[in-house]
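Report on the structure given below.
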Amino acid sequence: MSISQSTPEILDLRHFSSRELAAVLDVESTYWLKHLHWDYRTSARLLNQYLDSHSLPGYVATQEGKPVGYSYFVYEESKAVLGNVFAKMEEGGDGDGREKRQIESRLLKHVFETLFSSPGMERIEAQMLVQATGAHTRQFEEAGFKIHPRLLMVRSLRGPRVVPVVKLPADLELRGWRDEDLHPAGRLIAEAYNGHLDSVINNQYRTIHGALRFLHNIVRYPGCGVFTPNVSQVIVERTSRELVAMLLCSRISSESGHITQICVHPDYRRRGLAHLLLTSAASGFVLQGATELSLTVTAGNEDAVRLYQGNGYEVMHRFDAAVWEKAHYA
Ligand SMILES: CC(C)(COP(=O)(O)OP(=O)(O)OC[C@H]1O[C@@H](n2cnc3c(N)ncnc32)[C@H](O)[C@@H]1OP(=O)(O)O)[C@@H](O)C(=O)NCCC(=O)NCCS
């Protein structure tokens, strides 16, 4: 029986094990690889650990007793982050994904109801890369979320060998990432994103404490690919030893590298430091055998989008960042 023939039941995610959701996650992994060039299996392994702890909040849509879709979210004090919503398209179902979207919409409805009735909820953030812009944009807007369009951009690493043209001013030094850079990097992020559109989308960027949490996730967990310290770089001021720019990279598949963070201190911008870091990342991933390099950027961050276009990146996929803030409705 296809999805169209019966209405899905929505159940608590915590009743399900990773084994029971394996078929949905397999379909999702195929989708990520095909459309985003991203090997989702590494992220799925981490998700499986949470599923088997039966403590991750979310919902599962079932059809004939079998899971066909899921969603989950996490609470961070007075904020919630919507991690994902995904339904698989059944064989024999409609070809245009309408039923898939309907199931995802039902899951989202339950998630919103739960979050809006959670005591003390001040803020909800969602960035679901797998959901293309338009799939659920209206539902988020109708629930009171503000939408910020984001882009997944990609450049090929094939063709002529990418060689970094290192022309750093004498007072600056480029070197590889070290574990002890974590704290200074937190400070740099908070300064680089002060008043920035991305700190409207992700409030972790607004404080050193929040930035450290963000960095910890990037460096320790595979949610954004597997961190590659040997391609990640920092630029330091020689005398003060302060970090003035940074580039963090991860591996998202055997073919693809990904830039998880790039920023330059406001006092050091428009000197070509970001260009140098981007070239260095490309060169580093070529040495590791990757054939393409991707990153995500907020469409409204026009300086960064122009910089990436100038460095050979093209838009591969559009998705939404959505933010709900209680203050807007108080
Ligand atoms: C986006 C960001 C990383 C760019 O860093 P940057 O070091 O200023 O970038 P570059 O100097 O390499 O290039 C920026 C511009 O300066 C120009 N430039 C480079 N060297 C220059 C020089 N010596 N003199 C004048 N202009 C120069 C570049 O051509 C580029 O021009 P464009 O805007 O027309 O493309 C930086 O603005 C930043 O940290 N922003 C906040 C964080 C952020 O948005 N990160 C990206 C998230 S996806």
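Would it be correct to say that Ala327 is at pLDDT below 95 and among the aliphatic types (A, V, I, L, M)? Steps first, please.
On the way: at pLDDT below 95: yes; among the aliphatic types (A, V, I, L, M): yes.
When the stated conditions are applied, Ala327 passes them.
Matching residues to (1) closer than 16 Å to His110 by Cβ; (2) at pLDDT 95 or above; (3) touching a strand residue (DSSP E or B) at 6+ places or on another chain (Cβ under 9 Å):
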position: Ala23; (1), (2), (3): no, yes, yes
position: Leu46; (1), (2), (3): no, no, yes
position: Gly58; (1), (2), (3): yes, yes, yes
position: Gly65; (1), (2), (3): no, no, yes
position: Tyr72; (1), (2), (3): yes, yes, yes
position: Val85; (1), (2), (3): yes, yes, yes
position: Glu90; (1), (2), (3): no, no, yes
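Within segment 183-199, does at least one residue satisfy the condition of being over 22 Å from the mean Cα position of the chain (by Cα), part of a helix (DSSP H, G or I) and assigned by TED's automatic domain parsing to the domain that holds Gly284?
Pass one, segment 183-199, residues over 22 Å from the mean Cα position of the chain (by Cα): 184.
Filter again for part of a helix (DSSP H, G or I), leaving 184.
When the remaining residues are screened for being assigned by TED's automatic domain parsing to the domain that holds Gly284, the result is 184.
So far as segment 183-199 goes, yes, one or more of its residues are over 22 Å from the mean Cα position of the chain (by Cα), part of a helix (DSSP H, G or I) and assigned by TED's automatic domain parsing to the domain that holds Gly284.
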Among the residues of segment 160-182, which ones are part of a loop (DSSP other than H, G, I, E, B), among the basic types (Lys, Arg) and modelled with pLDDT of 95 or more?
Arg178
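Sort out for me the strands (runs of 3 or more DSSP E) sitting completely within segment 239-307 that have 2 or more residues that are more than 11 Å from the ligand (Cβ to nearest atom) and at pLDDT below 95. Reasoning before the result, please.
Working: elements: 243-251, 256-264, 292-298.
Because the criterion is at least 2 residues that are more than 11 Å from the ligand (Cβ to nearest atom) and at pLDDT below 95, no strands (runs of 3 or more DSSP E) in segment 239-307 meet it.
The values are calculated or read from the model by the stated rules, or taken from the named source; none is laboratory data. None of these values were measured; they are calculated from a predicted model. Note that each Cβ is placed from the backbone with ideal geometry, even for glycine, and that neighbours are counted across all protein chains shown.
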